[in-house]
Amino acid sequence: MKISSYNITDVGYHYVGLRVLADELASREEQLQAISRGVFKYVSDRALRLMLPEPKGNFSTVGEKVCQELVHFQFARFEKGVYELTDSGKETLSLLNNRRFSELRRTMIYAHLATYDNLRGVVHRHMEVGSVWRGVIEADQFNTPDYLERLLTPTFGEKAGEKAAEIRAEGQLTPKKTEDAVNERVVDKLFTNYSYSLTLFRALCDRLVSLRLLNIRRASVHECEFAKSYSPCVLKDPPRPWYRKLDIPLSPYSTYTVLLSEPDMKDRATLNTVLAGMEDAFANLESKAGYYHLPDVRDHVCELLKLPEAAFDEGVNALLDESPPRLSAGLRYEGISARRKPLVRNNSSQIHNLIRRT
């Protein structure tokens, strides 16, 4: 099966759906409206907590999409005019309600990779090629003669000029349309097994980030900015002791195996490894008044250690919770965005985007 919806960009939408269907509302329409309202609240609350802009739209159609996917995962079925949870759906909801998050993530990863061929294709291809460099257009460079070539070089190498000429032949494009033209060619070049629109590809990448199967960091090369995506998972030869194998039967004759990066941030040795990675980041990044920009540190450490971004945040929280803490954190209001998220403190509404060694 191929996923075609770009409405669902976060596995949290499915968790909203599971809880709504457990309430056994009287009609399908009530269920869909309740899920849409729940997703809107989930996204709005997260934006407020992280000091991000309010979400666009009202998510009025997302309820149907969520229910359809829960059926695809065999977590729900449509019976007598309403959606209801299957036994598997009830077990998954129990993991969520009991905060058994590690088991819950594995369940959702299994469901996604077993169900959607093209979503599995995105994460698999990232593991094969190492990373995907999507260009980010900067206004002050837009009219520089060789700018397109530099944006295309990480993917196309010596053929970057040829691809740049194709884009220029399309006429005078706006910066946004130029960025899309660049990245459409990047996606078409690297992902050949399935056809992905750029909108769908972005949505799949965002969902894979929420599943901890993909990271997207900011990167600079050739004096250009990129959204660089890569997977902390591997297909073989795990680089760290915290990798766990997941086998997914695709048919009676075929099993897909992936090694998930699942560090336990309650483990002292793992925390020491994370701290060592942060020391490496501090040695390679610039500080201001002794503090380092936490999203930059996150980018550096996650790629160095192949940590999921959310796992890094768990590790930093654990280090801040130590007595005495080995790190201290601060907040600077500038530089917060959906791609440069601050750290949310454990059991608190506090956020931080500055970090330093104590």
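FYI, it's all coordinate maths here, none of it is from the lab. Bear in mind the structure is a predicted one, so any value in this text is a computation, not a measurement. Glycine also receives a Cβ, built like all others from the backbone with ideal geometry; neighbour counts cover every protein chain displayed.
Highest mean packing first, where packing is the average number of other Cβ atoms within 10 Å per residue, the peptides 277-290, 243-256, 187-200 line up as 187-200, 277-290, 243-256. Inter-label distance, K80 to D237: 5.7 nm, where each label sits 7 Å from its Cα along the C-beta direction. The share of alpha-carbon pairs in the chain lying farther apart than 27 Å comes to 53%.
With Kirkwood's inverse mean 1/r over C-alpha pairs for Rh, give me the Rg to Rh ratio of the range 259-305, two decimals please. Expressed as Rg/Rh, it is 1.02. Here the sum of -39500 (n - 2.57) over DSSP H runs of 4 or more residues, divided by the residues of the chain, equals -15500 deg cm²/dmol at 222 nm, to the nearest 500. Highest average first, the peptides 110-118, 156-164 ordered by how many other beta carbon atoms sit within 10 Å of their residues are 110-118, 156-164. The charge dipole of the range 119-230, taken about its Cα centre with unit charges on the Cβ of Lys, Arg, Asp and Glu (plus for the first two, minus for the last two), comes to roughly 600 debye.
Computed on the chain, with alpha-carbon pairs under 8 angstrom and 6+ residues apart, the relative contact order is 15 percent.
Residues whose amide H lies under 5 Å from that of E225, counting only those 5 or more places away or on a different chain, are V136; hydrogens are built 1.01 Å from N in the peptide plane. Working note: Debye formula, equal point scatterers on the alpha-carbon atoms of the range 268-357, no solvent; log10 I(q)/I(0) at q = 0.18, 0.26 Å⁻¹ is -0.73, -1.67.
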